[in-house]
Amino acid sequence: MSNPEVGTLLLSMDTFICPKCGNDNPIYLGVRNGHLYCRKCIAFNGAMAQGGLLFPKKVSFSISYSLSEDQKDLSHKVNENYLSRKNTLIHAVCGAGKTELVFEVISTALSKGQRVGFAIPRRDVVRELFQRLKSAFPSVSVIGVYGGHHSRIEADIVVLTTHQLYRYENYFDLLIVDEIDAFPFKNNELLQTFFQRSIKGHFVLLSATPSVEMQQKYTVGNNALLELFSRYHGGRLPEPIFAIRLFIFKYLFVIRKLRFFAQTKKPCFVFTPTISVCEEVFSFIRWFVPKGNRVHSKLKERPEIIDAFKDGEYQYLVTTSVLERGVTIRNLQVIVFDSDHVLYDQAALVQISGRVGRKSDAREGEVIFVANRVSESMEKARDEIRFANLHV
Amino acid sequence: MCKVCFKEISPQSWLHLAHPKAKICSACFRSFSPHFKAIKLDGVTGLSIYSYDEVIREKLYQLKGCFDQEIAPVFLDFFRRELHWNFRKFVAVPAPSWEGDNQLREFNHVVEIFKVLGLPIQMALVKTEHIKQADLNFEKRQEVSQRIELSANANLKGKYVLFVDDVLTSGATAKACIHLLQQAGAKKIRFLVMAKTEKPKEKRKKETNENINTGIR
């Protein structure tokens, strides 16, 4: 095709769906002023039939930074996959900007007047993502649906927890599920059933650490696997440092590190495997390091504490795995306490390491695994990060 | 592909042997029932092609009201050769339409209809007020000349000018435009309308008989 505009027009002719009558047959399409319109339902489009849309509305989105070349490529590929009616699994490292990768496909779906869902297993992440999508898509209605917050459940973009998918049956034309490898969605047949049931069209799955079975599944049939190994700012993933300490020395090490971070004004997360360990660690180190707090799922005022931490009120937070995913804080440092615990599998450790160095003006950061011994999953996590760094 | 009924055009039909590029099937074309009429307005001769019946009204509404640009060429598809030959020396000047309407539609419907004739088109006339002739009664329609102006870049001196419009009802707009074109110094003026209203109301008929002389060719 010599004229590129004609080429794109013909391409979009194959993928045009009328938002009013659902017609996607190109013989009914007309061209006016360089854009397509449906001629099948033309009698319902005049001045006498007001209230309907004349065109698929052009939904634009804004991202606060410019996408890297890799991201742009992948973003286009996701969009093409969706247009050719394929499901996609995106395997991208932590901090690759996974959320931004799907903005293009979201705007495509919205432009066709379709319903978009964005499901995540974690409630805190829903709240954060809701704000991000709201600022990125100012022209459409975005709502967050999660436990205790479901008075409105219909909008252009629904951001919801995977549990809330039960409210929607055969509903979403485009359903994006982030962090598919995270608890509680992982290995939960009930939630997987809700997920399958709520899809009307196609889905895009996002993960930093998909399981091997998942990756195999997406190389065959109507599915596509897309991989992105570089972070959006081109920096490396921070490699974890192993600190093997026993008994009280573990605590002393954490206290020393936290004091060092406090001096250099770096915020820090201390990840602990369980709620009881979290309370225990915090109750001990609070006497030695000031300006801190703890966060876990049993704490009612969790959102306020996280907001206060983002405002710089606290130097450090002792947390369970609630903050393991989807949290972006500038210049964050991470200590994983008892990283040899059985609850920490490879995926969780990679995710936690991925909290560090996510902003382009603060790419470096420390990830320290404090443990009694070097466990298998710790080694595997380090190997995976090294492998991903080879591609940078 | 027929632009009206979306069916495949059979290439064997006689109409399409004569007009292989036509975008309308012969069945739809027959429903249009062309009805040529010579009209004289203020001493200027013109031609109307269809009578403004239900089919034309519907298709014209689809074009003007529903913004269906693709249907515009079907009206004159089968007459394009003859009309082009008849008016080969002429510059087409479309009837003025309100700029806001054109922006809403994203095209000028008169231009779209008469584009198929392949004549040079000059937008010499502009409408200064947004009032539809169709909403007015006969007396008010005659005031149309106050709302129409020659555009600043009109260049018609010594030219053969063909005034084109979609529908001719009372002839008020056409007369006002022809008057303006005469002022602009056109050497020869003809007009071509796509459809003419067939049966004017009784009251209007009395008054129009003095001004419009209709003869069937």
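The values are calculated or read from the model by the stated rules, or taken from the named source; none is laboratory data. Since the model is a prediction, treat every value here as computed from it, not as a measurement. A quick note on method: Cβ atoms are made from the backbone with ideal geometry, for glycine too, and the neighbour counts reach across all protein chains shown.
For residues that are among the aliphatic types (A, V, I, L, M) and more than 12 Å from chain A (Cβ to nearest Cβ), tally how many sit in region B:52-73.
Taking region B:52-73 first, the residues among the aliphatic types (A, V, I, L, M) are B:55-56, B:60, B:63, B:71-72.
Now drop any that are not more than 12 Å from chain A (Cβ to nearest Cβ), which leaves B:55-56.
Residues that pass the stated criteria total 2.
Would you point out which residue out of B:24, B:9 is free of Cβ contacts under 8 Å to residues at least 60 places away in the same chain, within 14 Å of chain A (Cβ to nearest Cβ), aliphatic (A, V, I, L, M) and farther than 16 Å from residue B:80 by Cα? So that I can check it myself, show each step before the final result.
Values: B:24 fails: farther than 16 Å from residue B:80 by Cα.
Going through B:24, B:9 in turn, just one is free of Cβ contacts under 8 Å to residues at least 60 places away in the same chain, within 14 Å of chain A (Cβ to nearest Cβ), aliphatic (A, V, I, L, M) and farther than 16 Å from residue B:80 by Cα: B:9.
Evaluate region B:111-119: report whether one residue or more is within 17 Å of residue B:60 (Cα to Cα), touching a Pro at 6+ places or on another chain (Cβ under 6 Å) and not small (Gly, Ala, Ser).
Yes, region B:111-119 has at least one match.
Of everything in region A:69-105, what is among the charged types (D, E, K, R), closer than 13 Å to residue A:178 by Cα and either crowded, with 22+ Cβ neighbours inside 10 Å or without any contact (Cβ under 8 Å) to a residue 40 or more places away in the chain (or both)? Give them in sequence order. Outline the logic, then answer.
So in region A:69-105, the residues among the charged types (D, E, K, R) come out as A:69-70, A:72-73, A:77, A:80, A:85-86, A:98, A:100, A:104.
If we keep only those that are closer than 13 Å to residue A:178 by Cα as well, we get A:98, A:100.
Within region A:69-105, just A:98 meets the criteria.
Do we find that residue A:269 is surrounded by fewer than 20 Cβ atoms within 10 Å (Cβ to Cβ), at pLDDT 85 or above and under 16 Å from residue A:367 (Cα atoms) in this structure? Break it down into steps so the answer makes sense when it comes.
Numbers: surrounded by fewer than 20 Cβ atoms within 10 Å (Cβ to Cβ): no; at pLDDT 85 or above: yes; under 16 Å from residue A:367 (Cα atoms): yes.
For residue A:269, the condition - surrounded by fewer than 20 Cβ atoms within 10 Å (Cβ to Cβ), at pLDDT 85 or above and under 16 Å from residue A:367 (Cα atoms) - is not met.
Would you mind telling me which numbered condition in (1) under 26 Å from residue B:128 (Cα atoms); (2) free of Cβ contacts under 8 Å to residues at least 60 places away in the same chain residue B:42 fails?
Just one mismatch for residue B:42, condition (2).
How about region B:13-47: which of its residues are under 26 Å from residue B:90 (Cα atoms), among the small types (Gly, Ala, Ser) and over 22 Å from the mean Cα position of the chain (by Cα)?
Filtering region B:13-47 down to residues under 26 Å from residue B:90 (Cα atoms) leaves B:18-23, B:34-47.
Imposing the further condition that a residue be among the small types (Gly, Ala, Ser) reduces the set to B:18, B:22, B:38, B:43, B:46.
The answer is B:18, and nothing else.
For region A:114-132, indicate whether the set of residues that are at positive phi and under 15 Å from the mean Cα position of the chain (by Cα) is non-empty. Lay out the reasoning, then the answer.
Initially, region A:114-132 is screened for residues at positive phi, giving none.
Among the residues of region A:114-132, not one is at positive phi and under 15 Å from the mean Cα position of the chain (by Cα), which makes the answer no.
Taking the condition of being without any contact (Cβ under 8 Å) to a residue 40 or more places away in the chain, farther than 21 Å from residue A:120 by Cβ and outside any loop (DSSP other than H, G, I, E, B), how many residues in region A:284-323 meet it?
Within region A:284-323, residues that are without any contact (Cβ under 8 Å) to a residue 40 or more places away in the chain, farther than 21 Å from residue A:120 by Cβ and outside any loop (DSSP other than H, G, I, E, B) number 6.
Working carefully through the options A:172, A:203, find the one that is touching a Ser or Thr at 6+ places or on another chain (Cβ under 7 Å) and either acidic (Asp, Glu) or assigned by TED's automatic domain parsing to the domain that holds residue A:77 (or both).
Working: A:203 fails: touching a Ser or Thr at 6+ places or on another chain (Cβ under 7 Å).
Answer to the check: A:172.
Working carefully through the options A:117, A:113, find the one that is outside any helix (DSSP H, G or I), in contact (Cβ under 8 Å) with a residue 12 or more places away in the chain and over 19 Å from residue A:207 (Cα atoms).
A:113
May I ask you to verify whether residue A:330 is touching a strand residue (DSSP E or B) at 6+ places or on another chain (Cβ under 8 Å), assigned to a loop (DSSP other than H, G, I, E, B) and within 27 Å of residue A:131 (Cβ to Cβ)?
On the way: touching a strand residue (DSSP E or B) at 6+ places or on another chain (Cβ under 8 Å): yes; assigned to a loop (DSSP other than H, G, I, E, B): yes; within 27 Å of residue A:131 (Cβ to Cβ): yes.
So residue A:330 passes the test.
Of the residues B:124, B:152, only one is at negative phi, more than 14 Å from chain A (Cβ to nearest Cβ) and surrounded by 15 or more Cβ atoms within 10 Å (Cβ to Cβ); which?
Just a single option satisfies the conditions, and that option is B:124.
Under 6 Å by Cβ, and 6 or more places apart or on different chains, what pairs join a residue from region B:130-147 that is at negative phi with one that is part of a helix (DSSP H, G or I) and hydrophobic (A, V, I, L, M, F, W, C)?
From residues that are at negative phi, the pairs are B:141/B:172; B:142/B:172; B:144/B:172; B:144/B:176; B:145/B:176.
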